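Comments concern the structure below.
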Amino acid sequence: MTENMGEFAALDPFFRIVREGLAGLVDGNDFFGLLAEDVVVEYVVSVPGYPRRVEGRGAVADLYRGYGDVMLLHSADQLAVHRDPETSVVVLEYAVHGRAVRTGRAYDNHFVSVLTLKDRKVTHWRDYLDPVAVFRATGWPAEGR
């Protein structure tokens with residue numbers, strides 16, 4: 001991938017834990033390189049305003065490009081990897097930790113990512129997160145309502 005990974009520094013802990021969970025199963029020099037060019041990412045449980053479906057590696061990079069304006073991650077942990085070699089499906093469970101930029105509040109979220117692999121790339125990604133954790137960190141909806 002030719003992305004300038006420096007502009008995605010806020011996501012480094014997420015990128016690291018995904019690479020750890022997929023070690024030996026996929027090829028790529030960086031997070032985006034793990035994704036097939038025509039990857040489909042579905043955000044099944046997410047937050048209002050976030051797309052439900054993104055198609056293509058470049059579109060995923062575009063979506064993540066502004067992440068550091070909203071959230072800064074400082075760590076990721078609690079990785080559990082579940083693999084089904086017959087269906088080429090890998091389920092990653094993990095947590096990320098950081099701070100919301102605008103509020104300065106702690107951000108702790110848990111994810112389940114269901115990934116389909118083909119030719120040593122992620123071709124399909126279904127993502128589930130705790131939207132309430134995002135709301136708490138960002139102060140959405142506006143406090144006092």
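The values are calculated or read from the model by the stated rules, or taken from the named source; none is laboratory data. Being a predicted model, the structure only gives us computed values, none of them experimental. Methodologically, a virtual Cβ is constructed for each residue, glycine included, from the backbone with ideal geometry; neighbour enumeration extends over all protein chains shown. For the accessible areas, the whole protein counts, side chains as well, though only heavy atoms, and no ligand, DNA or RNA atoms are used. Shrake-Rupley method; radii C 1.70, N 1.55, O 1.52, S 1.80 Å.
Listing for the model above:
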read-out: Flag if Glu55 is touching a helix residue (DSSP H, G or I) at 6+ places or on another chain (Cβ under 8 Å) and of a type in the set (D, E, K, R); value: no
read-out: Within segment 72-98, tally of residues that are over 18 Å from Asp127 (Cα atoms) and among the hydrophobic types (A, V, I, L, M, F, W, C); value: 1
read-out: Residue check, Asp38 out of contact with any strand residue (DSSP E or B) (no Cβ under 6 Å at 6 or more places or on another chain), touching a residue at least 40 places away in the same chain (Cβ under 8 Å), of a type outside the set (Ser, Thr, Tyr) and within 12 Å of Lys121 (Cβ to Cβ); value: yes
read-out: Which listed residue is among the acidic types (Asp, Glu), touching a residue at least 60 places away in the same chain (Cβ under 8 Å) and at negative phi, from Asp77, Asp62, Asp84; value: Asp77
read-out: Wholly enclosed strands (runs of 3 or more DSSP E) of segment 1-108 bearing at least 3 residues buried (at least 17 other Cβ atoms within 10 Å of the Cβ) and at pLDDT 95 or above; value: 35-45, 71-84, 89-100
read-out: Where Thr123 falls short, out of the listed (1) open to solvent by 50 Å² or more (accessible area, probe 1.4 Å); (2) more than 15 Å from Ile17 (Cβ to Cβ); (3) part of a strand (DSSP E or B); value: (1)
read-out: Residue that is modelled with the lowest pLDDT [pool: residues in segment 126-145 that are open to solvent by 50 Å² or more (accessible area, probe 1.4 Å) and assigned to a loop (DSSP other than H, G, I, E, B)]; value: Arg145
